[in-house]
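Chemist: This structure is in structure tokens; I'll ask about it shortly.
The values are calculated or read from the model by the stated rules, or taken from the named source; none is laboratory data. No experiment lies behind these values; they were computed from the predicted model shown. Heads up, the Cβs are rebuilt from the backbone with ideal geometry, glycines too, and the neighbour counts pull from every protein chain shown.
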There are 2 protein chains.
Amino acid sequence: MNRIGILGSGRVATVLATRLATAGHDVMIGTRNVAGTSAKWTGPAVTFAAPPQTAREASLIINATPGDTSLERLAALREVLDGKILVDVSNATRRGAEGLPAGLSYPDSSLAEHLQHALPGTRVVKTLNTMLFSVMVNPRGLTHPPTAFLSGNDEGAKATVRQLLHDLGWPPEWIEDLGDISTARGAEALILLVPHLLRGRGFAPFALTVAR
Amino acid sequence: MNRIGILGSGRVATVLATRLATAGHDVMIGTRNVAGTSAKWTGPAVTFAAPPQTAREASLIINATPGDTSLERLAALREVLDGKILVDVSNATRRGAEGLPAGLSYPDSSLAEHLQHALPGTRVVKTLNTMLFSVMVNPRGLTHPPTAFLSGNDEGAKATVRQLLHDLGWPPEWIEDLGDISTARGAEALILLVPHLLRGRGFAPFALTVAR
């Protein structure tokens with residue numbers, strides 16, 4: 001991996017950028033508000049740029065934009081994402097009461113499949129969308145081992161994402177390769193449980209996991 | 001709980017009937033083929049009857065019929081299920097290659113919600129549909145603790161089902177009450193992961209679980 005681009009400026013983008021920069025990666029945050037995002041930044045050294053420049057300069061791009069806006073935003077970057085790996089960690093949901101997810105934007109399909117279809121020259125890998133954001137970069141912080149699911153059509157891209165997960169703190173035995181990009185449908189559907197888990201216990205860290 | 005009725009004659013019905021009868025319950029298996037099912041039975045003492053008689057004579061009925069047929073079968077039992085607790089442990093899916101689940105029968109909804117709507121006088125509780133059948137009656141057999149999700153509108157019915165889960169070997173701290181029956185949508189969507197888990201490791205016991 002050379003430069004890692006992270007699209008988004010919310011909590012997910014922030015924790016991933018912080019952890020990857022701390023692990024020694026060259027991280028560029030792609031945001032539509034470069035001045036505002038960089039002014040508020042308190043983490044380790046990263047660079048900031050508009051999304052198209054970020055996609056152009058990075059070899060691996062992480063989608064941490066709100067999932068219900070991702071397809072439109074990323075389809076607009078089709079040319080600069082060509083030949084790149086796109087790691088999609090987002091959840092595409094309709095918003096319900098209290099801003100919590102109320103339903104899937106793509107029932108009977110998935111955002112990841114739509115992204116792969118819209119970006120045929122990009123190797124899309126779905127992962128990390130099945131847990132509270134803090135667990136993405138601190139999987140050992142839970143009492144029981146969480147699962148990081150992987151879905152994608154390209155084995156080489158999935159191998160690169162396994163290395164990325166290693167750098168985020170994930171041991172290989174906690175990574176579960178589900179198969180091609182259509183398997184993201186199962187991983188994305190897990191978001192339907194999340195509002196009920198949050199209602200029960202607040203923002204206590206959790207990850208939806210395969211116990212064996 | 002007085003008599004427990006179990007509708008179905010497959011692996012799920014068999015393991016549940018065996019375990020509950022062994023735990024001392026009066027179990028009646030409701031099947032459309034009483035002679036064939038009872039002739040093949042090798043487990044502890046249970047009784048066999050047609051589904052309507054089973055629903056009439058039991059106070060709690062477990063739906064272990066194939067989920068894609070359950071709505072039609074159970075709606076036909078509306079009168080005899082009135083006032084009863086119906087524990088739905090099934091998954092309603094379309095069949096794909098190799099007979100594995102290929103999609104939800106009720107995307108953007110759930111079988112449990114359809115059952116509750118079709119059976120307004122019955123208290124429907126969804127549980128145990130998120131694991132290999134063997135784990136339903138042997139949750140301590142996994143290396144890491146599994147989760148039994150609960151969804152239902154009636155708190156009294158859920159309390160009764162917690163007792164049933166206790167008799168199946170589930171400690172209370174592994175039971176996660178998601179909320180009303182509409183939350184079964186999340187639990188039922190987990191079946192989308194199952195074919196990919198089975199493809200990877202065969203019929204090794206597993207349960208989809210919340211790691212915290």
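Chemist: Looking only at residues in segment B:155-179 that are among the charged types (D, E, K, R) and within 17 Å of the chain's Cα centre (by Cα), which one is farthest from B:Asn91 (Cα to Cα)?
Modeler: B:Asp167
Chemist: Quickly run through segment A:56-76 and pick out the residues that are surrounded by fewer than 22 Cβ atoms within 10 Å (Cβ to Cβ) and aliphatic (A, V, I, L, M).
Modeler: Scanning segment A:56-76 gives A:Leu71, A:Ala75, A:Ala76.
Chemist: So the check is Cβ under 6 Å with 6+ separation or different chains; which pairs have a first residue in segment B:19-42 that's modelled with pLDDT of 95 or more and a second one that's surrounded by fewer than 17 Cβ atoms within 10 Å (Cβ to Cβ) and part of a loop (DSSP other than H, G, I, E, B)?
Modeler: Filtered contacts from segment B:19-42: B:Ala21/B:Pro44; B:Thr22/B:Pro44; B:Asp26/B:Arg3; B:Met28/B:Arg3.
Chemist: Among residues belonging to segment B:79-91 that are under 16 Å from the mean Cα position of the chain (by Cα), in a loop (DSSP other than H, G, I, E, B) and not β-branched (Val, Ile, Thr), point out the one that is surrounded by the fewest Cβ atoms within 10 Å (Cβ to Cβ).
Modeler: B:Lys84
Chemist: B:Leu128 versus (1) within 12 Å of another protein chain (Cβ to nearest Cβ); (2) under 18 Å from B:Gly67 (Cα atoms): which is the lone unmet condition?
Modeler: Exception for B:Leu128: condition (1).
Chemist: OK, next. Would you tally the residues in segment B:87-111 being free of Cβ contacts under 8 Å to residues at least 40 places away in the same chain and either of a type in the set (Ser, Thr, Tyr) or closer than 15 Å to B:Thr69 by Cβ (or both)?
Modeler: 4
Chemist: Hey, A:Trp170 hits all of (1) in a helix (DSSP H, G or I); (2) more than 7 Å from chain B (Cβ to nearest Cβ); (3) not acidic (Asp, Glu) but one; which does it fall short on?
Modeler: (1)
Chemist: Identify all residues within segment B:92-107 that are outside any loop (DSSP other than H, G, I, E, B), within 14 Å of chain A (Cβ to nearest Cβ) and surrounded by fewer than 23 Cβ atoms within 10 Å (Cβ to Cβ); write none if there are none.
Modeler: B:Thr93, B:Arg94, B:Ala97, B:Glu98, B:Pro101, B:Ala102, B:Gly103
Chemist: Moving to a separate point now. Can you tell me how many residues in segment A:108-155 are part of a loop (DSSP other than H, G, I, E, B) and of a type in the set (S, T, N, Q)?
Modeler: 9
Chemist: Exactly one of these conditions fails for B:Ser134: (1) in contact with a Pro (Cβ under 7 Å, 6 or more places away or on another chain); (2) surrounded by 22 or more Cβ atoms within 10 Å (Cβ to Cβ); (3) among the polar types (S, T, N, Q). Give me its number.
Modeler: The number of the failed condition is (2).
Chemist: Can I ask one more? Look at segment B:142-159 and say how many of its residues are out of contact with any strand residue (DSSP E or B) (no Cβ under 6 Å at 6 or more places or on another chain) and more than 10 Å from every other protein chain (Cβ to nearest Cβ).
Modeler: The qualifying residues number 4.
Chemist: Considering only segment A:27-78, state which residues are closer than 18 Å to A:Ser90 by Cβ, touching a strand residue (DSSP E or B) at 6+ places or on another chain (Cβ under 7 Å) and assigned to a helix (DSSP H, G or I).
Modeler: A:Thr37, A:Pro51, A:Thr54, A:Ala55, A:Gly67, A:Asp68, A:Ser70, A:Leu74
Chemist: Condition first: hydroxyl-bearing (Ser, Thr, Tyr) and within 25 Å of B:Gly103 (Cβ to Cβ). Can you find one or more residues in segment A:152-169 that meet it?
Modeler: no
Chemist: Looking for whichever is at the interface with chain B (Cβ under 9 Å from one of its Cβ atoms), in a helix (DSSP H, G or I) and either hydroxyl-bearing (Ser, Thr, Tyr) or surrounded by 21 or more Cβ atoms within 10 Å (Cβ to Cβ) (or both) here; the options are A:Ala189, A:Ala184. Which one fits?
Modeler: A:Ala189
Chemist: For the structure I just gave you, tell me whether B:Leu178 is facing chain A (nearest Cβ under 7 Å), under 19 Å from A:Ala102 (Cβ atoms), buried (at least 19 other Cβ atoms within 10 Å of the Cβ) and among the aliphatic types (A, V, I, L, M).
Modeler: Yes; evaluated as a whole, the condition is true for this residue.
Chemist: While we're here: Which one is surrounded by the fewest Cβ atoms within 10 Å (Cβ to Cβ) among residues in segment B:192-204 that are more than 7 Å from chain A (Cβ to nearest Cβ) and in a loop (DSSP other than H, G, I, E, B)?
Modeler: The qualifying residue surrounded by the fewest Cβ atoms within 10 Å (Cβ to Cβ) is B:Gly202.
Chemist: Let me ask something additional. Could we say that A:Glu72 is away from every other protein chain (no Cβ under 14 Å), of a type in the set (Asp, Glu) and closer than 27 Å to A:Phe48 by Cβ here?
Modeler: When the stated conditions are applied, A:Glu72 passes them.
Chemist: Got a sec? Which of A:Ser151, A:Ser110, A:Ser182 is touching a Leu at 6+ places or on another chain (Cβ under 6 Å), of a type outside the set (Lys, Arg) and modelled with pLDDT of 95 or more?
Modeler: After ruling out the rest, the residue left standing is A:Ser151.
Chemist: Here is a further query. Please go through segment A:158-212 and give me each residue that is among the basic types (Lys, Arg) and out of contact with any His (no Cβ under 9 Å at 6 or more places or on another chain), ordered by number.
Modeler: If the condition is that a residue be among the basic types (Lys, Arg) and out of contact with any His (no Cβ under 9 Å at 6 or more places or on another chain), then A:Lys158, A:Arg162, A:Arg185, A:Arg199, A:Arg201 are the ones that fit.
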